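Visitor: Dropping the structure in here first, questions after.
Where a number appears in this text, it was derived from the coordinates with a stated rule and is not lab data. As the structure is a computational prediction, the values presented were derived from the model and not from experiment. Cβ placement follows ideal geometry from the backbone for every residue including glycine, while neighbour counts extend to all protein chains displayed.
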Amino acid sequence: MGYYEEMIRRIAVDADPAATIEDIRIYVNWVLVKTGKWSLSTYFHNMPGFIDPIGMNAWMGDWIGRPARAAALELLASRENLRRSVGMACLKSLLPEPSGGTIEGGAMELFEPAIARLPSCFIGYFKTAALWREQGYPVTIVELFPRPGDVHWDEADQALRDAELVFMTGLTVVNETLEAVIRRTPSARMRILMGPTVPASPALFNYGLDVLGITSIDDVELMSGYALRGGGSIANAPAGALRSLNMAKDLDGLQERIAALGR
């Protein structure tokens with residue numbers, strides 16, 4: 001069993017075994033799935049090595065009513081972007097609420113004092129990270145499709161090797177690059193997985209991650225209306241639609257660890 005398949009199966013151990021898929025909503029940028037509760041994933045497009053559905057192959061209605069855990073595992077094994085996106089939203093919706101509690105707020109904001117002084121790598125483009133880079137923070141943005149000032153993933157060995165803080169989106173799980181990120185960041189003091197696709201699963205702490213920045217849906221109709229009209233960034237979602245939370249293996253000690261980084 002490969003790294004990705006093992007990780008997904010370990011996450012799925014905590015999934016509700018009795019739930020079925022009740023609804024699926026697909027938008028330009030988002031996928032929403034309801035089993036017992038609603039959850040979301042980014043709708044990933046143009047992932048290298050994956051296939052985009054064409055025409056009627058995008059129909060997902062036949063999955064409604066199926067046992068959700070088995071469906072999530074099958075969808076997450078697919079090489080199709082849409083199926084993998086739906087699979088992750090489905091798996092997330094099956095997971096219980098974090099048993100160790102959470103800290104509210106965005107993950108990046110928790111770490112800003114440390115980001116201001118420690119070499120940090122962001123795997124994927126983050127607008128806030130780009131602003132911090134412009135302000136002189138020691139920030140590097142690593143991308144498969146780099147913008148001006150970013151570093152291409154294939155040319156990022158030095159930046160990744162030197163990074164003491166590493167931030168990445170849930171895409172690194174979905175596109176199977178998490179293992180490579182962990183291997184290429186040997187100096188990391190903290191690794192943070194964050195964004196709307198991140199599962200609220202403590203199993204991920206067994207894979208070199210320290211903090212999970214997760215997103216929960218508080219008002220599905222507000223989020224659906226935003227997504228229906230082409231909404232993209234969660235930062236621009238309507239107030240009250242979503243909530244950002246942070247999980248850690250040792251939540252009580254997280255603030256102390258963050259404070260120590262900033263000194």
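Visitor: Would you kindly calculate the mean projected area, averaged across all directions, of the convex hull enclosing the Cα atoms of region 93-159, in square nanometres? Please report the intermediate quantities before stating the final value.
Guide: On the way: hull surface 26.2 nm².
So the mean shadow area of the Cα hull is 6.6 nm².
Visitor: Run the numbers on the chain and let me know its relative contact order in percent, using alpha-carbon pairs under 8 Å that are six or more apart. Mind showing how you got there, number by number?
Guide: Details: 503 pairs, mean separation 51.0, N = 263.
It comes to 19 percent, rounded to a whole number.
Visitor: Using r as the Cβ-Cβ distance of Arg243 and Glu221, and R0 as 22 Å, what FRET efficiency do you calculate, to the nearest 0.05? Intermediate results must be reported in sequence, preceding the final value.
Guide: Working: r = 15 Å, r/R0 = 0.70.
That pair, Arg243 with Glu221, gives E of 0.90.
Visitor: Net charge near Leu110: determine it from the other residues with C-beta under 13 Å of the C-beta of Leu110, scoring Lys and Arg +1 and Asp and Glu -1. Kindly include the intermediate steps, with their values, before the conclusion.
Guide: Working: positive: Arg257; negative: Glu104, Glu109, Glu112, Asp210, Glu256.
Charge balance in the 13 Å sphere: -4.
Visitor: Dividing the alpha-carbon Rg of region 1-136 by 2.2 N^0.38 Å yields what?
Guide: Details: Rg = 17.5 Å, N = 136, 2.2 N^0.38 = 14.2 Å.
For region 1-136, the normalised Cα radius of gyration is 1.23.
Visitor: Another question, then. Could you work out [θ]222 nm for the chain from helices alone, using -39500 (n - 2.57) per DSSP H run of at least four and dividing by all its residues? Round to the nearest 500 deg cm²/dmol. Mind showing how you got there, number by number?
Guide: Values: 10 runs with 87 residues, N = 263.
My calculation for the chain gives -9000 deg cm²/dmol from helical runs alone.
Visitor: At a Cα cut-off below 20 Å, give the lysines reachable from Lys249, other chains included and same-chain residues fewer than 8 away excluded.
Guide: Those lysines meeting the cut-off are Lys92.
Visitor: Compute the angle between helix 251-261 and the longest alpha-carbon principal axis of the chain, please, reported from 0 to 90 degrees and rounded to the nearest 10.
Guide: With both axes taken from Cα atoms, the answer is about 30 degrees.
Visitor: Mind grabbing the base-10 log of I(q)/I(0) for the chain at q = 0.08 Å⁻¹? Debye formula, identical points on the C-alpha positions, no solvent, two decimal places.
Guide: For the chain at q = 0.08 Å⁻¹, log10 I(q)/I(0) is -0.30.
Visitor: Further, regarding this structure: Hey, in the GNM for the chain with a 10 angstrom Cα cutoff, which one of Ala241, Ala58, Ala72 fluctuates hardest?
Guide: With Cα springs under 10 Å in the chain, the top fluctuation among Ala241, Ala58, Ala72 is at Ala58.
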